[in-house]
């Protein structure tokens with residue numbers, strides 16, 4: 001058995017085509033993300049990645065839609081994400097596939 005601590009990984013990303021990871025794969029990425037109330041997060045999109053998200057805790061708005069605890073939201077390739085964190089949020093994020101550099105920030 002192997003044992004890890006979430007804080008050993010960069011920004012909560014634990015599986016994907018990057019280091020460190022508990023499983024290095026090009027097939028997908030998994031992270032547990034923590035965002036704080038009123039945290040500024042860049043508006044962005046992905047060229048090829050589909051992003052599957054489960055809000056584990058908190059409340060947020062993304063693309064003018066309110067997301068509450070246990071809501072699932074999916075962002076398709078090229079769909080712009082504009083998150084607003086109304087409360088501290090914990091998100092399970094799965095991206096398919098794992099492509100480094102696919103995130104495009106909109107200034």
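Full extension of the chain between residue 24 and residue 94 yields a length gain of 23.8 nm, computed as 0.36 nm times the residue separation minus the alpha carbon distance.
Each residue, residue 8 and residue 76, gets one label point 7 Å from its Cα in the Cβ direction; the gap between the two is 3.9 nm.
What does the C-alpha gyration tensor say about the overall shape of the chain? Classify as rounded when a/c is under 1.5, otherwise prolate if a/b is larger than b/c, or oblate. It comes out oblate by the Cα gyration axes.
How would you classify segment 60-107 from its alpha-carbon gyration tensor, with a ≥ b ≥ c the square roots of the eigenvalues: rounded for a/c under 1.5, else prolate if a/b is greater than b/c, otherwise oblate? All intermediate terms of the calculation are to be shown ahead of the outcome.
Values: a/c = 1.98, a/b = 1.47, b/c = 1.34.
Prolate shape, in that a/c is at least 1.5 and a/b is the bigger ratio.
Read-outs: derived from the displayed coordinates by stated rules, not from any lab. Not measured: the values here are computed from a predicted model. Quick reminder, even Gly has a Cβ in these numbers, built from the backbone with ideal geometry, and neighbours come from all protein chains shown.
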